[in-house]
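Notes for the one structure printed next.
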Amino acid sequence: MDVGKVETLVKEQQLKDQFENLEKHTQWGIDFVERYTKFVKERSEIELNYAKQIRNLSKKYQPKKSTREEEEGKYTWCRAFLASLNELNDYAGQHELIAENMTSQIIAELTRYIQDLKSERKTHFHDGRKAQQHIENSWKQLELSKRNFERACKEADRAQQYFEKMDADINVTKADVEKARQQAQLRHQMAADNKSEYSSNLQKFNQEQTEHYHTLIPNIFQKLQEMEERRIERVGESMKTFAEVDRQILPIVGKCLDGMTKAAESIEAKTDSAQVVESYKSGFEPPGDVEFEDYGQAMKRTVSENSLTKPEKPDKPGKGKSKLFFFKKNKISLNAHVRNFIEGANPEDFSHLPPEQRRKKLQAKIDDINKDIQKEMDQRDALTKMKDVYVKNPQMGDPSSVDPRLAEIAQHIDKLQTELQKFEGWLAEVEGRMPVRSEPTQRQSSVYDKQSNTPAANNNCAQDRESSPDGSYTEEQSSEVQSKVQTDTEFDDFDNEEEEMLPTIGTCKALYPFEGNNEGTLTLAEGEVLFVIEEDKGDGWTRVRRNEEEEGYIPTSYVEVFLDTDTKGLCMWR
């Protein structure tokens, strides 16, 4: 094998090795792009799941639409937390935006680019293999023509030698010599033709080889190199976009965090505490000072204008039963509070509430009714205008078609106005009976009057009645005098009660604690169960017994009363 052939084979092998290396490297580059695309896709899924969890968290702690939650919305700390939840919801939206931008700007783009990259790589290597196959075929053609030329030369030499041998032999005929000569000439001609073909193929191969190694293959390698550079640049751009997608939401995320901070800074503790005071203010007048009772003097019962003039007997020794003689007891039906507990419903006039809360509820109800009336009046005005248009333009409609609706609205307005007057009357009653806090009055003892036992003590009874702890009232002060004559015989005989213990007519359970600071009242603990020995007679007080030696009065609105069915009727007529 000659040196030229060896060099050619070496170059071909080296070129083949280079193609294999490039194939492996470019395939590894495509695999890297696919791997990076998968990475971005998983990051996008993480952002979506995170945003979903944040939204669910925000939704979970959103206040429910109930009365209690609406009341809590009045406080700054509740509103601040709600604002933080809304900002957190917007924060979750930004993470959804990250996932969306990564999907559209990176994942979708890289997926399309990978397909184009694979197609371009396949085209370049196809061209390289085609060029390599072509140069190999040219080389084989050259080798074939070279072997033919070599064989023809050898055959021409043998034919020449045979002709010379035959020409030198005298025994050979002239015809054989001529035949040998012709054969030698034919072989020389064939050798000359093969030489010409070999020379042509050699020249062609050299040109194609030069073009293959200096033009075709370098161009293919250059295209592969450019393809690799574009791939690397594309990966770099995707990585940059990956960071920019996050950076784009930072200002909005910052605003969300600023909103949370602003909501936290908007909390006002003093405002909230004042709101609590305003919401639960009862309107009760604090009790006055308890006067000193001199047991060294003869005890006389304070007599009101309508009470029975019977002398009062001293308490039995060892008995701690205190009586509230300063509350007037009229023969009326069960107190509204007891009736509410039995029926399980709140009264329409909100009499189950303390005075201040009742006033607020009534005022809110009046405002709602006024809004409804205004709405109905607006509808009436609109229908009236429509009827006028129909009267002036009969072709637009029948004026009488509006009359039924106008009549219905008028009835509704009358009904609302009647209801409004009812609630306004209740509101005026509450406001007229609520104590004036700017000039608090000192409660006087209605049991003992150290100054005198004159009829002026009746004024103390009325005064104490107006400032009863639960704010419940059954009559106006002006009507008390009128009812005195009718209710004189309905007072309990306290002298007989002291001598004989009253039977129990039921039980009651304390709903709220009560400090029994006044004469004849008992202290209540929340949840405590006591025996009822006398029902509320309309003055807002119920007489109870804790044990055999401890009796007194408690606010009816502070307890839930359970009366015995067999004694209920008897108690009402005591």
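Details
- Estimated vicinal HN-Hα couplings, Hz - the stretch 192-202 in sequence order (Karplus 6.51, -1.76, 1.60; Gly, Pro = x): 5, 5, 5, 5, 5, 5, 5, 5, 5, 4, 5
- Surface analysis of the stretch 134-197 yields an accessible area of 71 Å² per residue, using protein heavy atoms and a 1.4 Å probe.
- The stretch 155-198: relative contact order in percent, alpha carbon pairs under 8 Å with at least 6 residues between: 52 percent
- For the stretch 123-207, the alpha-carbon coordinates run over 72, 14, 14 Å along the three principal axes, in decreasing order.
- Rounded FRET efficiency, nearest 0.05, which uses the C-beta distance separating ARG230 from ILE46 and R0 of 35 Å: 0.75
- Normalised contact order of the stretch 43-121, rounded percent, pairs of Cα under 8 Å and 6 or more residues apart: 49 percent
- Around the Cα centre of the stretch 64-153, unit charges on the Cβ atoms of Lys, Arg, Asp and Glu (plus for the first two, minus for the last two) sum to a dipole of about 920 debye.
- Among the listed pairs LYS154/LYS204; LYS59/LYS361; LYS65/LYS360, those with a Cα-Cα distance over 30 Å are LYS59/LYS361.
- Here the extension length gained between GLU526 and ARG79 equals 157.7 nm, from 0.36 nm per residue of separation less the Cα-Cα distance.
- Label separation (LEU383 vs LYS415): 1.3 nm, computed from points 7 Å beyond Cα along the C-beta direction.
- Entries of LYS130/LYS240; LYS60/LYS509; LYS38/LYS130; LYS118/LYS140; LYS60/LYS262 with Cα pairs more than 27 Å apart: LYS130/LYS240; LYS60/LYS509; LYS38/LYS130; LYS118/LYS140
- Solvent-accessible heavy-atom area per residue, rounded to whole Å², over the stretch 381-429 at 1.4 Å: 67 Å²
- Whole-angstrom gap from the stretch 178-237 to the stretch 393-408, using each part's C-alpha centre: 104 Å
- With N the number of residues in the stretch 508-561, Rg(Cα) / (2.2 N^0.38 Å) evaluates to 0.97.
The values are calculated or read from the model by the stated rules, or taken from the named source; none is laboratory data. This structure is a prediction, so every number in the text was calculated from the model and none was measured. Glycine also receives a Cβ, built like all others from the backbone with ideal geometry; neighbour counts cover every protein chain displayed. The protein model used for the area step is the full one, side chains on, heavy atoms only, and it has no ligands, DNA or RNA in it. Shrake-Rupley method; radii C 1.70, N 1.55, O 1.52, S 1.80 Å.
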